[in-house]
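Asker: The structure is given below, and queries will be raised subsequently.
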Amino acid sequence: MAVIGGGIAGLRIAALRARAGDTVTLWEANGSLGGQLRTVRESGYVIEEGAEGFVASSQAVEALAGELGIGPRIVGQRTPTSFGFDGRALVALAPGEAAQFLGFQVPRRDLGNGIRAFLGGMGEVIEAMVRGLTPHVDLRVGEGVERLSRGGGGWQLTTARGVHAADDVFLATGARAASALLEPELGAPARDLGRAELSSSVTVSLAYDRLAIAHPLDGTGFVVAEDAVEEGLRACTFTSSKLPGRAPPGKALLRAFFRPKDEDIERDDADWSARAERGISRVLSPLARPERTWVARWRAALPLIDAAHRARVAALESALDGSRLVLAGAAFHGSGIDAALCSAERAAAHSA
């Protein structure tokens, strides 16, 4: 059987199906596994280039961490307090208000409960999953599937290196990639999925000497009111205050969030870093230059899971019924790490 997509959902399916006795090949077009979970560790800093954590109520992540032997590495937020910036001053927000303001797609029951993460960053869970898969799953990293077609009672996967047969396929990619792969076989239902509304993201992590920042950093960070946004800065996380182990002693780590237009996302790192510096200084008072910065870009990576999107996914899954191909992951069944894992586990059981 084949898994297409090496994010957390694809990795979870591969592990579960290999455990059930299947011969599994996983195909990932990019040069690394983990999808939008990517951690950089440098000079005592833990830098998240993607998601910084998972909803605190997640049982799926906790159970997976237990299986992988990294349960004791889970850490929680240090503080629930968050702030809003109205263009003049910071004001404390009610629990969950910051997440609602930023449009985070989490269940209402989870608003205000914060997040959990891993002491060494979210990359820890990916690294542990890959270690567990390596002896049992054929990982084709850097080799993308270019075409899917039905044949021989299953599917034919075409890559740059040849054509491969699979009885069962799990498609754990983004919505547009899935649309492109399935449209030649399924037509309109797959084409409609390609209309999914996606947004891009740029984040800039900035390292400072703690004494260079007068603000007490006594919260998770701040969000910027819509009518006060300048140069696209929507929020800033006080990363080293929010979660333990993110910066060396005596240092502070902040993370600025932008929602760029497509034509802006490829601005160079220096430009994005300068924007982040100006935006943060505007809120926290003028700051010295950061000691270093890290810039991460995600183009068209964040899906809007609304009623229209759910209807498109349902129509495509109806067209796939009985085809031995199953959709899995956050692009189809709900945003976030918890939703991705739950979707993967349902998909893997579907083929059991």
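Asker: Could you check, for segment 256-275, whether at least one of its residues is farther than 23 Å from residue 51 by Cα, at pLDDT 95 or above and out of contact with any Phe, Trp or Tyr (no Cβ under 9 Å at 6 or more places or on another chain)?
Answerer: no
Asker: Across segment 325-352, which residue is surrounded by the most Cβ atoms within 10 Å (Cβ to Cβ) among those that are at pLDDT below 95 and in a loop (DSSP other than H, G, I, E, B)?
Answerer: Among those that are at pLDDT below 95 and in a loop (DSSP other than H, G, I, E, B), it is 336.
Asker: Here's another thing I want to ask about it. Anything in segment 157-172 that is small (Gly, Ala, Ser) and in a strand (DSSP E or B)? List them, or say none.
Answerer: Residues satisfying the conditions are 162, 165, 166.
Asker: Looking only at segment 91-108, how many residues end up being outside any helix (DSSP H, G or I) and either crowded, with 17+ Cβ neighbours inside 10 Å or at pLDDT 95 or above (or both)?
Answerer: 3
Asker: Of everything in segment 175-207, what is out of contact with any Leu (no Cβ under 7 Å at 6 or more places or on another chain) and buried (at least 22 other Cβ atoms within 10 Å of the Cβ)? Give them in sequence order.
Answerer: Scanning segment 175-207 gives 196, 202, 203, 204.
Asker: Given the condition of a type in the set (A, V, I, L, M, F, W, C), assigned to a strand (DSSP E or B) and closer than 16 Å to residue 341 by Cα, answer yes or no: does some residue in segment 53-74 qualify?
Answerer: The answer is yes; a qualifying residue exists.
Asker: Then there is this: I'd like to check something: does segment 35-43 contain any residue that is buried (at least 21 other Cβ atoms within 10 Å of the Cβ) and within 20 Å of residue 333 (Cα to Cα)?
Answerer: Looking through segment 35-43, at least one residue is buried (at least 21 other Cβ atoms within 10 Å of the Cβ) and within 20 Å of residue 333 (Cα to Cα).
Asker: Criterion first (within 20 Å of residue 298 (Cα to Cα) and either in contact with a helix residue (DSSP H, G or I) (Cβ under 6 Å, 6 or more places away or on another chain) or surrounded by 14 or more Cβ atoms within 10 Å (Cβ to Cβ) (or both)) does residue 264 satisfy it?
Answerer: yes
Asker: Tell me the helices (runs of 4 or more DSSP H) entirely within segment 173-289 that contain at least 1 residues that are of a type in the set (A, V, I, L, M, F, W, C) and in the same structural domain as residue 315 (by TED's automatic domain parsing).
Answerer: Fully inside segment 173-289 and qualifying: 175-186, 188-193.
Asker: From the list 141, 169, pick out the single residue that is among the β-branched types (Val, Ile, Thr), in contact with a strand residue (DSSP E or B) (Cβ under 8 Å, 6 or more places away or on another chain) and surrounded by fewer than 18 Cβ atoms within 10 Å (Cβ to Cβ).
Answerer: 141
The values are calculated or read from the model by the stated rules, or taken from the named source; none is laboratory data. Just so it is clear, the structure is predicted and the values come from calculations on it, not from any experiment. Reconstructed Cβ throughout: ideal geometry from the backbone, glycine too, with neighbour counts over all protein chains shown.
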